[in-house]
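Shown next, in structure tokens, is the structure this report addresses.
Throughout, read-outs are computed from the coordinates displayed, never taken from laboratory work. The structure displayed is predicted, hence computed values, not measured ones. In this analysis, Cβ positions are derived from the backbone assuming ideal geometry, glycine residues included, and neighbour counts consider all displayed protein chains.
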Amino acid sequence: METRRRRSSPLRAAWWRERSRATVAWAKAVHARLERRFPVITGIVDRLVAVNIFDSATRIAAQCFLTAVPLLFVLSAYAPEALQEQVTTSITTVFGLTGQAKAEVERTFQPPSEDLRQATGVVGGLMVLLSATAVSRAVQRLCRRAWQMPRSRTKVAPWRWLAWIGLWLAALVVQGLLHNGFGLGAALGFPIVLLMQALMWWWTQHLLLGGAVPWGPLLPGALITAVAVSGLSVTAHFYMPRALNRALTDYGSSGSVFVLLSWLIVVCVAVAIALSVGAVLSQEPYLRRRLGPPPESPDAPGPD
């Protein structure tokens, strides 16, 4: 009796081990019941945990920011004046910038001095372009995790990373025209941007996964991502101008860095969630019959 009482005491390690085993067994039983009753919801939750959305989104956001800053200097030094004006228009239109924030963007693309050209250099421009592939690789890892595919099945040629960067830069250039509906107004611009985003993310998944997943199953993730990103671009018009102007006034350029990076993280979290949810939904029976079967996925993604 005394031995049994001592084993049941919370002051002993054996008591905690028993409670841990019981808690784990209870959690597994609850998960199994939920999986039977709500298979789609539990599948989405499991996939989001496997993707580690906040870690993946933070990596992509950091890579985007570290790539964007030197890339802007290269564009400012070497891009034709018409292209610089179009990029300025696109950035200010997408974020709805006004006041000091808009002036800072316009100042970035002022006619370059010879000192800036020499400091940047052709070699520096090539290095910036090559380092930009880090963003491509980060997005590729996200797509691979969303589809739970091992690295051996998603080996892609380096030209795909460069092609992804090139097309998204081209999309940045025309953002101003798309948002304004080619001069016909924002009412027409929003559905055009939504369609463009869907096509871009549809193509992104196919390109960075090396064609390992057919086009059909990739469509739900592309549509959900397009809706999420387009919705955030609308809210950016209300949040970003005020936040950037306040940050520039109170803290200078360092404050704007915090605002931009925070916004990038929010956008990348939305992208990570949308692609993961789309991958799960495409494997549900209803969509599977209409879009075609995705490739068989292992239980866990390959190591990064």
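Any residue at all in the stretch 234-245 that is under 18 Å from S276 (Cβ atoms) and of a type outside the set (S, T, N, Q)? Write out each step before concluding.
Here is the first cut: in the stretch 234-245, the residues under 18 Å from S276 (Cβ atoms) are none.
Scanning the stretch 234-245, I find no residue that is under 18 Å from S276 (Cβ atoms) and of a type outside the set (S, T, N, Q), so the answer is no.
For every residue, the table says whether it meets (1) assigned to a helix (DSSP H, G or I); (2) under 12 Å from the mean Cα position of the chain (by Cα).
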residue: Y239; (1), (2): yes, no
residue: R246; (1), (2): yes, no
residue: V259; (1), (2): yes, no
residue: S276; (1), (2): yes, yes
residue: Q283; (1), (2): no, no
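Which helices (runs of 4 or more DSSP H) sit wholly inside the stretch 155-230 and have at least 1 residues that are loosely packed, with under 15 Cβ neighbours inside 10 Å? So that I can check it myself, show each step before the final result.
Values: elements: 158-173, 175-179, 186-208.
In the stretch 155-230, the matching helices (runs of 4 or more DSSP H) lie at 158-173, 186-208.
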